[in-house]
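Down below is the structure, laid out as structure tokens.
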Amino acid sequence: MSLESIRWTGESLQLLDQRMLPAAERWLTLRSSAAVAAAITDMVVRGAPAIAITAAYGLALAVAAGEDRAAAAARLLAARPTAVNLRWAIERLAAIPDDAVAAEAVEIHREDRDINRRLGDAGAGLLSGGVLTICNTGALATGGWGTALGIVRSAIAAGRRVHVYALETRPYLQGARLTAYECVADGIPATLLTDSMAGALLATGRVSAAVVGCDRVAANGDTANKIGTYSLAVLCRHHGVPLYVAMPTSTLDLRCPTGAEIPIEQRPAEEVRGFGSSQTAPSLIDTWNPAFDVTPADLIAGWVTEHGMWQPSASVG
Ligand code: MRU
């Protein structure tokens with residue numbers, strides 16, 4: 001099946017509201033770049049490649065409405081700070097004349113689906129048996145197929161026996177709500193566990209590899225991804241399990257020499273003080289809620305791109 005979360009009608013942008021999943025499949029129609037920027041900030045759409053595609057369509061709406069293009073681009077750029085794909089898309093469109101922006105956004109969307117297929121096929125041979133993953137890196141997080149979950153899809157399509165262990169991904173629950181949703185929808189064998197269970201699962205020997213996505217990879221290979229990825233990488237190293245990063249080359253930021261330069265988004269306290277809509281902690285307790293962490297390059301077994309394996313300091317493209 002081809003799960004999708006982004007549709008362009010030529011005059012408006014339709015987004016599957018990922019905040020509502022899996023309880024409801026509700027589509028929103030957006031007609032202005034300001035609404036698109038707000039949808040990215042509010043997590044209607046999330047996942048680095050999906051954010052980039054959405055921002056590209058947002059700029060197309062701005063041009064069609066005769067808005068100040070630079071102001072619209074700046075607003076879209078500020079919508080979420082960590083995923084460098086957003087900047088990549090806005091910079092790619094900067095060179096495109098007004099009357100071709102919408103077509104270029106459609107092309108970015110089409111290319112992303114193609115990139116994910118190639119990336120998935122490039123990594124498929126790395127997976128067999130139990131595969132641990134975090135967050136959602138599937139069709140919902142991209143133009144289709146997915147990156148880390150795309151490798152799983154490609155491995156299964158190639159006849160490999162893979163069983164996904166999906167971490168729930170506290171606090172926003174992208175693993176529980178979205179990866180579990182995709183696995184159930186597509187018949188991918190999968191088991192859901194809470195983040196704190198990862199070490200115990202690894203100790204059973206049931207996991208042969210971990211595969212994760214990324215929001216920004218620095219030139220030295222340090223990798224920003226969903227909060228909890230660093231802990232997972234440390235646990236994997238302890239248990240001798242390789243952790244691979246699925247990295248479309250639009251997520252590589254050679255302007256960041258190391259992970260220390262990657263901006264990390266801080267999210268609202270309510271996500272930590274509660275769980276879904278219920279409050280689980282006192283409203284006055286201080287919180288710390290980074291949306292992403294940085295995994296040092298030496299904990300990563302390999303970066304899979306649409307061009308094959310990447311090595312830090314090598315040029316890509
Ligand atoms: O906060 P999110 O849901 O946008 O975080 C998403 C991730 O961390 C993904 O792993 C990353 O964007 C890659 S998605 C193919």
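Which order do THR41, THR295, THR204, THR169 fall in if you start with the one that has the fewest other Cβ atoms within 10 Å?
Listing THR41, THR295, THR204, THR169 from fewest to most nearby Cβ atoms yields THR204, THR41, THR169, THR295.
So what J values fall out for segment 298-311 if you push phi through Karplus, 6.51 cos²θ - 1.76 cosθ + 1.60 with θ = phi - 60°, rounded to Hz, Gly and Pro as x?
6, 8, 10, 7, x, 10, 9, 10, 5, 9, x, 6, 10, 10
Could you please rank VAL272, VAL84, VAL101, VAL212, placing first whichever residue has the fewest other Cβ atoms within 10 Å of its Cβ?
The fewest-first ordering by Cβ neighbours comes to VAL272, VAL101, VAL84, VAL212.
Taking the Cβ of GLY138 as the centre, find all other residues whose Cβ is under 14 Å away and add up their charges (Lys, Arg: +1; Asp, Glu: -1).
Net charge in that neighbourhood comes out at +2.
Which angle from 0 to 90°, rounded to the nearest 10, does the C-alpha axis of helix 84-94 make with the longest principal axis of the chain?
30 degrees
Go through segment 275-280 residue by residue and turn each phi into a ³J(HN,Hα) via Karplus (6.51, -1.76, 1.60, θ = phi - 60°); whole Hz please, and just put x for glycine and proline.
Per residue, the Karplus-derived 3J(HN,Hα) values read 9, x, 8, 9, 7, 10 Hz.
Please build a GNM for the chain, connecting alpha carbons under 10 Å apart, and tell me which residue among ILE300, ILE53, ILE96 fluctuates the most.
Looking only at ILE300, ILE53, ILE96, the largest GNM fluctuation is found for ILE96.
Rounded to a whole number of µm²/s, how large is the Stokes-Einstein D of the chain at 10 °C and 1.306 mPa s, given Rh as the Kirkwood radius over C-alpha pairs?
81 µm²/s
In segment 86-164, what trypsin sites (Lys or Arg not before Pro) fall in a loop by DSSP, with at most 12 other Cβ atoms inside 10 Å?
Those that pass, being in a loop and sparsely packed, are ARG161.
None of the figures in this text is laboratory data; all of them are computed from the coordinates on show. Here the structure is a predicted model, which is why all the values come from computation and not from measurement. Glycine gets a Cβ as well: all are built from the backbone with ideal geometry, and neighbour counts include every protein chain shown.
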